[in-house]
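Asker: Structure in structure tokens, see below.
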Amino acid sequence: MSKPKIGLSMLFCLSEPFTSLLKRLKKVDVDYVELLDEGLHALDDTRVKKLREIAEAHNFEFMVHSPFADINIATPSPVLQKTVFRRLEKSIVHARQLKSKLWIFHPGLKTAVTSFYPGSDWELNMKSVRRLRKIATTHEVDIAIENVPEPFPFVLKSVEDFSRFFNEVDDELNLVLDVGHANINQQIHAFITKFSKKIVHVHASDNKGNYDAHLGIGHGTVDWANVAEALKRIDFNGVVVLESIKQIDESLERLDEIFG
Ligand SMILES: [Mn+2]
């Protein structure tokens with residue numbers, strides 16, 4: 001069985017300007033880089049061109065994490081829905097131009113009016129996911145949905161939520177397993193077992209089970225040897241992307257040891 005490939009999310013430098021991201025990319029020592037189309041690193045045509053040049057020169061492949069700040073695919077507001085989709089489609093187009101292996105997105109969120117319209121959040125989320133799938137198919141980009149952490153009001157968080165979701169979504173949508181997020185739900189193994197055929201990509205960061213701290217690998221309560229064992233059991237052969245915001249070099253080494 002092939003061992004998981006290790007990648008690096010540039011989340012740890014999201015507070016730095018785009019020029020600094022470019023400098024860092026010239027020095028990374030991984031085969032896969034996950035970019036965040038967000039904040040100071042939001043993509044545009046000029047940036048995509050520069051990123052492609054670096055990726056070709058340094059021989060790595062990109063994955064793109066969709067915008068996530070104030071992006072709610074389950075918004076009940078038609079005008080916001082329109083804006084959100086304009087933004088997300090632009091992101092998918094840029095992912096395509098970057099030859100991105102995958103475009104990763106979060107489920108929608110409940111709002112202040114959700115309780116007045118029971119079930120509407122679920123329906124809106126489902127409708128938007130189908131719409132995203134269509135857009136992604138048009139642009140020939142692979143997309144996958146990520147499990148997200150407590151205490152945020154996402155429509156889908158637990159294994160139970162995702163089971164119902166995947167049963168209803170009636171297509172081949174896959175899952176990005178965020179180990180740190182699942183650690184907060186205490187469902188790491190439940191996610192891996194239940195969605196053994198769906199997990200195509202893994203986000204790795206540590207935390208102490210209380211909040212999504214994105215700590216270095218080994219600095220929280222995640223039992224990484226166990227995670228590696230479980231992923232081996234399901235024949236996972238996607239990329240394990242480091243999503244810590246501290247101890248980057250040390251965490252990359254640890255991932256190499258754990259998954260190597
Ligand atoms: Mn993540």
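Asker: How many residues does region 234-250 contain that are farther than 19 Å from ASN147 by Cβ and either without any contact (Cβ under 8 Å) to a residue 40 or more places away in the chain or among the charged types (D, E, K, R) (or both)?
Answerer: 5
Asker: So, SER66, is that one touching a Ser or Thr at 6+ places or on another chain (Cβ under 8 Å) and under 22 Å from GLU243 (Cα atoms) or not?
Answerer: It is true that SER66 is touching a Ser or Thr at 6+ places or on another chain (Cβ under 8 Å) and under 22 Å from GLU243 (Cα atoms).
Asker: Still on this model: Of all residues in region 184-231 being among the acidic types (Asp, Glu) and closer than 17 Å to ILE245 by Cα, which is nearest to the ligand (Cβ to nearest atom)?
Answerer: The qualifying residue nearest to the ligand (Cβ to nearest atom) is ASP212.
Asker: Please state which of the following conditions LEU98 fails to meet, knowing it meets all the rest: (1) within 22 Å of the chain's Cα centre (by Cα); (2) without any contact (Cβ under 8 Å) to a residue 40 or more places away in the chain; (3) away from the ligand (no atom under 16 Å from the Cβ).
Answerer: (2)
Asker: I've got another one for you. Residues that are aromatic (Phe, Trp, Tyr), surrounded by 19 or more Cβ atoms within 10 Å (Cβ to Cβ) and either in contact with a helix residue (DSSP H, G or I) (Cβ under 6 Å, 6 or more places away or on another chain) or modelled with pLDDT of 95 or more (or both): does region 108-127 have at least one?
Answerer: Yes, because at least one residue in region 108-127 is aromatic (Phe, Trp, Tyr), surrounded by 19 or more Cβ atoms within 10 Å (Cβ to Cβ) and either in contact with a helix residue (DSSP H, G or I) (Cβ under 6 Å, 6 or more places away or on another chain) or modelled with pLDDT of 95 or more (or both).
Here's the yes/no breakdown for (1) away from the ligand (no atom under 16 Å from the Cβ); (2) among the small types (Gly, Ala, Ser); (3) at pLDDT 95 or above:
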position: GLU140; (1), (2), (3): yes, no, yes
position: ALA144; (1), (2), (3): no, yes, yes
position: PHE154; (1), (2), (3): no, no, yes
position: SER163; (1), (2), (3): yes, yes, yes
position: ASN167; (1), (2), (3): yes, no, yes
position: ASP171; (1), (2), (3): yes, no, no
position: ALA182; (1), (2), (3): no, yes, yes
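Asker: Just one of the numbered conditions (1) within 16 Å of the ligand (Cβ to nearest atom); (2) crowded, with 22+ Cβ neighbours inside 10 Å is not true of LEU43; which one?
Answerer: The failed condition is (1).
Asker: Could you tell me which residue of region 232-260 is nearest to the ligand (Cβ to nearest atom), considering only residues that are touching a Gly at 6+ places or on another chain (Cβ under 8 Å) and not in a helix (DSSP H, G or I)?
Answerer: Result: GLU243.
The values are calculated or read from the model by the stated rules, or taken from the named source; none is laboratory data. Given the structure is predicted, the values throughout are model-derived calculations rather than measurements. Here the Cβ is made from the backbone with ideal geometry for all residues, glycine too, and neighbour counts use every protein chain on show.
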